[in-house]
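Novice: One structure, as structure tokens, below. Some questions next.
The values are calculated or read from the model by the stated rules, or taken from the named source; none is laboratory data. Computed from a predicted structure; not experimentally measured. Neighbour counts are summed over all protein chains in view; Cβ atoms, including those assigned to glycine, are modelled from backbone coordinates with ideal geometry. We work out accessible area using only protein heavy atoms, side chains counted, and drop any ligands, DNA or RNA first. Shrake-Rupley method; radii C 1.70, N 1.55, O 1.52, S 1.80 Å.
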Amino acid sequence: MNDTLDWLDGHALALDEGDVAAGQALLGRLGRSGLLRVGVPAAQGGTGGSLGDAVDAIAQVARHSLTAAFVCWGQRAFIEYLLQSPNAALRERALPGLLGGEEAGATGLSNAMKFLSGLEQLGVRAFGAGPWTLQGRVPWASNLGTRFCVALAVARDDGAPPFVVAVPADRAGVARSADLDLIALRGSQTAALTLADVPIDDADVIHPVAREFLPRARPAFLGLQCGLSIGLAEAALGAAREHLGPARAVLGTPLTDAEAALAAHRAELLQGLAEGRFLADAPALFRLRIALAQDVQQALQLELLASGGRAYHRDQPLGFARRWREAAFIPIVTPSLSQLQGELAKLAA
Ligand SMILES: Cc1cc2nc3c(=O)[nH]c(=O)nc-3n(C[C@H](O)[C@H](O)[C@H](O)COP(=O)(O)OP(=O)(O)OC[C@H]3O[C@@H](n4cnc5c(N)ncnc54)[C@H](O)[C@@H]3O)c2cc1C
């Protein structure tokens, strides 16, 4: 594990800037470290523990590299879908390669989560009555290594309710774009997918009813995602404390307050996940995701103020500039802050 964290420290900038070799090596590294098995029952090939332990594992990675943590999230979320799927054959077939990091699991479910909130139509459609052919486009999916499988929610032409499927990269009709030209997290192997007459059948179905499955998967999807914010905020607050120096008198109290707020939000998240509270109370999880995103912004401000001009030097490896770019991802990853605020406003009305 320590080897992997050292490797991440040495490659965090390369992963952010899109070094191809580092991006390709990342998932295998995460797999070999055992991180992807945390919170997965031993009977399924994991090392046991809770979903909260998996959140902490993602946070630990995010303290070193948000690119790595996001890839870890996508992979771990995909694993969670299989754990919650009634399709045991698919789970048994796919889990070993996913847990070991030899196969990549891509979560193309932003569109599905927006669909669930009534924000957009599903971008992929199934034709036929089983087996089916898929048509459509996935504008964003990360963790698209050489051997990936992507989870998608799909509308059905026969009028049946949308379902959730796993589509492997080597299936006829699947086309991956070049990596998107992003400002950060460039090593996350993020691209668009086009599906043209892609054949699928029952063996590929993660769940037959998306509207049942997605709300059930959402606490894991969102909870694990919160690990990104927790780890990034912890890293920035740690750097702020390290560089406090002459600003101690002014920044000491806000820094202590920010550390306490972050710790309280993390504790509330882990407790809610352990109690299964967010299945019935999704707004509580939405509010925590928003609060943690605010913790990240506050942590970066404090790191900047504590470091001063040194943070602005490219030739001093403080890591601030990378974290600043990484932080820009937190408010927009689905569900985005504005989307969550909209959901909360709708519920309040
Ligand atoms: C590095 C990176 C990796 C990504 N990887 C993946 C991935 O692996 N899988 C995946 O599925 N997606 C992925 N995405 C997509 C991402 O999660 C978001 O879906 C995407 O950034 C939001 O789409 P948009 O900005 O095109 O939204 P738009 O629909 O164009 O909306 C623009 C903004 O308005 C907000 N908005 C839209 N409608 C509403 C509304 N009704 N109420 C309130 N706010 C609204 C949106 O949230 C967004 O902030 C990735 C994005 C990035 C940057």
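Novice: Taking region 112-122 only, how many residues are under 22 Å from ASP197 (Cα atoms), surrounded by 14 or more Cβ atoms within 10 Å (Cβ to Cβ) and either more than 10 Å from the ligand (Cβ to nearest atom) or not small (Gly, Ala, Ser) (or both)?
Specialist: Within region 112-122, residues that are under 22 Å from ASP197 (Cα atoms), surrounded by 14 or more Cβ atoms within 10 Å (Cβ to Cβ) and either more than 10 Å from the ligand (Cβ to nearest atom) or not small (Gly, Ala, Ser) (or both) number 1.
Novice: Of all residues in region 93-111 being modelled with pLDDT of 90 or more and in a helix (DSSP H, G or I), which is nearest to the ligand (Cβ to nearest atom)?
Specialist: The extreme case among them is LEU98.
Novice: Mind listing just one residue for me: the one in region 2-34 that is outside any helix (DSSP H, G or I) and touching a Gly at 6+ places or on another chain (Cβ under 7 Å) and, of those, most open to solvent (accessible area, probe 1.4 Å)?
Specialist: ASP19
Novice: Which residue out of PHE213, PHE221 is at pLDDT 95 or above and aromatic (Phe, Trp, Tyr)?
Specialist: Residue meeting the stated conditions: PHE213.
Novice: Looking only at region 130-176, which residues are assigned to a strand (DSSP E or B), open to solvent by 70 Å² or more (accessible area, probe 1.4 Å) and among the basic types (Lys, Arg)?
Specialist: Matches in region 130-176: ARG137, ARG176.
Novice: LEU288 passes all but one of (1) open to solvent by less than 20 Å² (accessible area, probe 1.4 Å); (2) within 14 Å of the ligand (Cβ to nearest atom); (3) closer than 15 Å to LEU228 by Cβ; which number fails?
Specialist: (2)
Novice: Hey, HIS265 hits all of (1) touching a helix residue (DSSP H, G or I) at 6+ places or on another chain (Cβ under 6 Å); (2) surrounded by fewer than 19 Cβ atoms within 10 Å (Cβ to Cβ) but one; which does it fall short on?
Specialist: Of the numbered conditions (1) touching a helix residue (DSSP H, G or I) at 6+ places or on another chain (Cβ under 6 Å); (2) surrounded by fewer than 19 Cβ atoms within 10 Å (Cβ to Cβ), the odd one out for HIS265 is (2).
Novice: Is it the case that some residue within region 178-194 is open to solvent by 10 Å² or more (accessible area, probe 1.4 Å), modelled with pLDDT of 95 or more, assigned to a strand (DSSP E or B) and not assigned by TED's automatic domain parsing to the domain that holds LEU15?
Specialist: Yes: region 178-194 contains one or more residues that are open to solvent by 10 Å² or more (accessible area, probe 1.4 Å), modelled with pLDDT of 95 or more, assigned to a strand (DSSP E or B) and not assigned by TED's automatic domain parsing to the domain that holds LEU15.
Novice: How many of the residues in region 116-152 are closer than 26 Å to ALA178 by Cα and either not charged (D, E, K, R) or not assigned by TED's automatic domain parsing to the domain that holds ALA166 (or both)?
Specialist: Number of matching residues: 23.
Novice: If you go through region 318-335 one residue at a time, do you hit one that is in a helix (DSSP H, G or I), within 15 Å of the ligand (Cβ to nearest atom), touching a Pro at 6+ places or on another chain (Cβ under 7 Å) and not charged (D, E, K, R)?
Specialist: no
Novice: Shifting gears a bit: Taking region 291-339 as the search range and keeping residues that are within 16 Å of the chain's Cα centre (by Cα) and over 30 Å from ARG248 (Cβ atoms), which one is most open to solvent (accessible area, probe 1.4 Å)?
Specialist: The qualifying residue most open to solvent (accessible area, probe 1.4 Å) is ILE332.
Novice: Looking at region 196-238 only, could you name the residues that are open to solvent by 10 Å² or more (accessible area, probe 1.4 Å), of a type in the set (Gly, Ala, Ser) and not assigned by TED's automatic domain parsing to the domain that holds ARG125?
Specialist: Within region 196-238, ALA235, GLY238 meet the criteria.
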